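Written below as structure tokens is the structure these notes are about.
The values are calculated or read from the model by the stated rules, or taken from the named source; none is laboratory data. None of these values were measured; they are calculated from a predicted model. When the accessible area is computed, the model is the full protein with side chains, heavy atoms only, and any ligands, DNA or RNA have been set aside. Shrake-Rupley method; radii C 1.70, N 1.55, O 1.52, S 1.80 Å.
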Amino acid sequence: MSITNKWDWEIGKNVTTWNWNLKEIWAYRHLLINLVKRDFTLNYQQTILGPLWSLLQPVFTLITYVIVFRNLVGLSVGTLPPILFYFSGIVLWNFFSESFTGTSNTFKEHFYLFSKVYFPRIIMPVSVVCTHFLRCLLQLALLILLVLYYWLFRNINIHFGLNLLGVPLSILLVGSLGLGVGLIISLITVKYRDIANMVSLGIRLLMFMTPVIYPLASVRPSLKWIVEANPLTVYFELFRFSLFGEGTVSYLNLLVSTLITLGILLTALLVFNKKSNSLLDIV
Amino acid sequence: MSEVILQVQDLSKMYQLGVIGSGSLKRDLQNWWSTKILKKENPFFQIPSDDVLNTSKDFIWALNEVSFEVKQGEAWGIIGSNGSGKSTLLKIISRIINPTKGYVRGKGKVSSLLEVGTGFNPEFTGRQNIYISGYILGMSKQEIKKKFDEIVDFSGVEKFLDTPVKRYSSGMYMRLAFAVAAHLEPDILIVDEVLAVGDVDFQKKCMGKMQEVSNNNGRTILFVSHNLQAVGNLCNKALWLNKGKASAIGETSGVINTYLTSLKNDPKQQWTAPDLAPGNSQIRIKKASAKPQGETSGTLITVNSPIQLDFEFWCFLDNCSLNVNVMLFTEKRECVFNLGTPSITAEKGILALTCIIPKNLLNNSGYSLSLVVLKNNNFNVCEFTDCISFEVEDVREGMYYYGEWPGIIRPQITSYLYVKDTVENEALNKAKVP
């Protein structure tokens, strides 16, 4: 009888990059569901307002943005009502930045658990993204209510049709990018702690390089390439374009950004799988 | 029945000592440049040559070519002093870390209990924690549902099932956590020092459950413990790890005896560098020795010599109140005494502790010492179990009895035996002496 038939499993020096055990991950699906539930409820344990907090936070941000960027600074947001413009940006940005920050802390937060029990490590970052996805859905619902209000009472022109498919697509791609980059950062921060400090700074800078508080169309043409080089840009434009019919989206940009995103995610997953065990030695 | 279910072959794990982190980006880049681009040998990291490894102080083999085979239904005890590689071995078998060399092969599902309450979150209720912990330990939803009542029964916390576990007493918490773990149904169960916590009742319950699991269900258990009594009771096979190497493998009683004999001959332990010494980031032990007071070390300790115990620690804590508990155990793991030193304000540096056990106190037997370093009188900073052992030799003067002297202690108790009265007593005379 050959060795491979005789034994169910083998632990050796090398973990190959390709040995994703999907069956095993599937076996842990209930853990994923429970973790998402846990993260979601944990934030609201012993609070009075409970899940409302995931709506209040973006609403307060919205009020700040409207006051500061619209009324004090006077940034142009195109022809859209500023509230819709800012809120759509905030919802998508929150999803990205929280998924990214959450996954980049995977090792820092779960090191202790990782050193005590084995389970597919990828479950942890994925559960973080899922939790923020749920929150994003809540906020999206509020955004849709706002859109309906403007459509019914303020007569802004909304086109309901296939264009709305851009909404889930952009959310999905933004989440994938957040997960991918977050995983890579989480691996690097284990060894080089400096990166962790740069992450919070970097994410703030990145926000200004993404059309969250301004439309791409209003960027000075000579500097446009900087903003367009950011793969997030096209998702934000797509998101607004699908909802309000306003934004600059080209198929080429979308294709390139999607390929970059999927490339990053795939690389991140493979490297994460290969490295997650050996990294425990040096945390 | 006796089919090999787990095979460990030449398993080795090497750790790199020293500070990892500062300046390592530069080193790693140089490293990457020379290995991947110039295709040279790695200037910083060369595994193979044994000579280099044995002489170099930058590496340590936490495990060194350990091989053994476990058959189905066997209960294995893994024993050894602190830092001998027991936990490393369990972590590799549990798939938490990868070995540097060698491999582990096995059949069936492995569950490991490296601590009590893995995955417990204090904010959640008992019910929620049963599920979370169960999932993390690898149980399926059906399994937990099926076992839920049994788990609750075993833990005895049904009244508090919907209370967040942060409000549990530590005993309740332990019971619930162990209850979840005890209802795992893996083919191979790996247990690390779970019994070190909890009260006597709880420990009994744990032992009972583990015995039941291994006897009735034919499950395989790997059990790491300092408690030789427990290993002796539970396990039929044992492995003694000594500085990463397997020093003895076989029947439990034989291995335990070999282990104890080796402890006796080593009344002095010394570590040259903090990295090599057992302990943690706050305290590491530097030296532990036992000798007769006023004699050079290595002199025979006898029942009528005062015993001087010397300890030194590397202390990385600054400006906090520390004291040390010294516990002396007999070979049968009975605690002879527990001595608490006065507290001092510790500073970074080397702490020294000297205790004198008065002469004519201990009986002739083997003893081992455990230390617990406490911060602010209650916070447990570090434990050193069995850090040294010594043998007290028998000296008898004016005595013609050569048998074993019973008792744990052998103090010189003042006693008088004398003739109280020589006046003839009527009762004595009347009594018939056969």
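Once the mean of 1/r is taken over each pair of separate Cα atoms and inverted, the protein assembly as shown shows a Kirkwood hydrodynamic radius of 30.3 Å. Equivalent-ellipsoid semi-axes for the range B:268-391 (Cα gyration tensor, √(5λ), whole Å, largest first): 25, 15, 13. Straight-line cross-link reach from residue B:145 at under 22 Å between alpha-carbon atoms covers these lysines, not counting any fewer than eight positions away in the same chain: A:23, A:37, B:109, B:159, B:209. Of the cross-linked pairs A:116/B:291; A:116/B:146; B:147/B:332, those separated by over 29 Å at the C-alpha level are A:116/B:291; B:147/B:332. In the assembled protein chains, residue A:267 presents an accessible area of approximately 70 Å² (probe radius 1.4 Å).
Residue separation times 0.36 nm, minus the C-alpha to C-alpha distance between residue B:295 and residue B:421: what's the value?
Numbers: separation 126, 0.36 × 126 = 45.36 nm, distance 4.74 nm.
Gain on extension, residue B:295 to residue B:421, equals 40.6 nm.
Heavy-atom accessible area for residue B:168, with the other protein chains in place and a 1.4 Å probe, reaches approximately 20 Å². To put it simply, the accessible area of the range B:268-391 at a 1.4 Å probe is 47 percent carbon and sulfur.
How large is the helix-only mean residue ellipticity at 222 nm for chain A, computed as the sum of -39500 (n - 2.57) over DSSP H runs with n ≥ 4, divided by its residue count, in deg cm²/dmol to the nearest 500? Can you show the working numbers first?
Numbers: 12 runs with 186 residues, N = 283.
Calculated at 222 nm, the ellipticity per residue is -21500 deg cm²/dmol.
Expressed as a whole percent, the accessible area of the range A:50-281 that falls on carbon and sulfur atoms is 72 (1.4 Å probe).
Note the buried accessible area between A and B here, summed over both chains, with a 1.4 Å probe, in Å² to the nearest 100. Provide the component values of the computation, followed by the final result.
Details: alone 16420 and 24090 Å², together 36710 Å².
The contact between B and A buries close to 3800 Å².
Classify the range B:135-199 as rounded, prolate or oblate, taking a ≥ b ≥ c as the square roots of the eigenvalues of its Cα gyration tensor: rounded when a/c is under 1.5, otherwise prolate if a/b is larger than b/c and oblate if not. Oblate shape, in that a/c is at least 1.5 and b/c is the bigger or equal ratio. Solvent-accessible area per residue in the range A:50-281 equals 46 Å², computed with a 1.4 angstrom probe and all protein chains kept. For chain A, the longest principal axis of the alpha carbon atoms and the long axis of helix A:53-65 meet at an angle near 50°. Hydrodynamic radius of the range B:221-262 by the Kirkwood approach over all distinct alpha-carbon pairs: 10.2 Å.
Residue A:203 exposes around 30 Å² of accessible area when a 1.4 Å probe is run over every protein chain in place.
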